[in-house]
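Participant: Handing you this structure, nothing more for now.
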Amino acid sequence: MFSGIRKRATFANVVATLALVFAMTGGAYAAGKYLVTSTKQIKPSVLAQLKGKAGAPGAAGAQGPAGPAGAQGPAGANGKDGAAGANGTNGKDGAAGTSATATKYSGKECKEGGLEVKSASAPAYVCNGSPWTAGGVLPEGKSEYGHWAVDGMASQGRVGLSPTVVVPISFNIPLENAPTPHVIRQGTPEADDPAGCSGEDSQENIKAEPGNLCIFVTTEENVAVDTTKHNLEDGIVGYLLQADKMGGMAIVAAEEATERVLAYGVWVVTE
């Protein structure tokens, strides 16, 4: 057997054999210095033995800052309608009211007369006269105004009087008492104005003291002003005046019979 080996032993075979031996011993040496770079290089059973037990939990860390508010979510859907409630019971009928009765009345509430209306409540009064004033008469201290005019042919008056034309004056609201009439002719001195009347010939500034009717003449033609020729009972030149609670009138004297008389102006009366 060895002879066969000796026959094959050559220098080249010996060198090759020695190189193999050194290569094997050098690999073993290198294996003792092997560098582990991954747990995959370690056998699982060996790796399990290398793991230590879990340590105790550490202390809680400080609370971190609050995060930003999130975006508002979409509105929820409307809820369903609730069930209808039961109908309430009908209320009781009220007692029948008392019928009102009205009778004629004349007393302190209605000086001009009227009706007294009685019902379950306090009596009510419906007075005759103006509906916007107490008792249907002009309140005390208040005044009312108007225009007057005459344009006509004079006729022969009563015996001893001049030809005249009558001018009616009607109060819008009746008075409590009859006033005293006065006439103020345009152009006469203010000192000649009768007591109880003042102002010029326009409604803006004329004035009558309480209890007086003041008739202002702004224009006149063919009115008798000669006291020696024309006789008027009250002594007022050209005019004879009368008045009561409803109004008054001015009897205007003319220069001649059948002569056209023209006169007009304004008036004021104060209760």
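Participant: R0 = 22 Å: FRET efficiency of residue 149 with residue 109, Cβ-based, nearest 0.05?
Facilitator: Working: r = 38 Å, r/R0 = 1.75.
Efficiency for this residue pair is about 0.05.
Participant: Can you tell me the FRET efficiency between residue 186 and residue 101 if r is taken as the Cβ-Cβ distance and R0 is 51 Å, rounded to the nearest 0.05?
Facilitator: Working: r = 57 Å, r/R0 = 1.12.
For R0 = 51 Å, the calculated efficiency reads 0.35.
Participant: Report the full-extension gain for the segment residue 87 to residue 46: residue separation times 0.36 nm, less the Cα-Cα distance, to one decimal in nm.
Facilitator: My answer for the length gained is 6.1 nm.
Participant: If amide H atoms are built 1.01 Å from N in the plane of the peptide, which residues on other chains or at least 5 residues away come under 5 Å of the amide H of residue 169?
Facilitator: Correct list: 248, 249, 250.
Participant: Whole-Hz ³J(HN,Hα) for each residue in the range 169-177, computed from phi via Karplus 6.51 cos²θ - 1.76 cosθ + 1.60 with θ = phi - 60°, x for glycine and proline: what do you get?
Facilitator: 10, 10, 7, 5, 10, x, 9, 6, 9
Participant: If packing is taken as the average count of other Cβ atoms within 10 Å, what order do 37-44, 67-74 fall into, highest mean first?
Facilitator: Per-residue mean Cβ counts within 10 Å order the peptides as 37-44, 67-74.
Participant: Something else now. Suppose the chain between residue 142 and residue 246 were pulled fully straight at 0.36 nm per residue; how much longer would it get relative to their current alpha carbon spacing?
Facilitator: 35.9 nm
Participant: How much length is gained if the chain between residue 218 and residue 204 is pulled fully straight, taking 0.36 nm per residue apart and subtracting their Cα-Cα distance, in nm to one decimal?
Facilitator: Full extension from residue 218 to residue 204 adds 3.6 nm.
Participant: Here's another thing I want to ask about it. Heavy-atom accessible area per residue, the range 31-122, 1.4 Å probe: how many Å²?
Facilitator: 96 Å²
The values are calculated or read from the model by the stated rules, or taken from the named source; none is laboratory data. Here the structure is a predicted model, which is why all the values come from computation and not from measurement. FYI the Cβ positions are ideal-geometry reconstructions off the backbone, even for glycines, and counts take in every protein chain you see. Heads up: the accessible areas ignore ligands, DNA and RNA and are worked out on the full protein's heavy atoms, side chains in. Shrake-Rupley method; radii C 1.70, N 1.55, O 1.52, S 1.80 Å.
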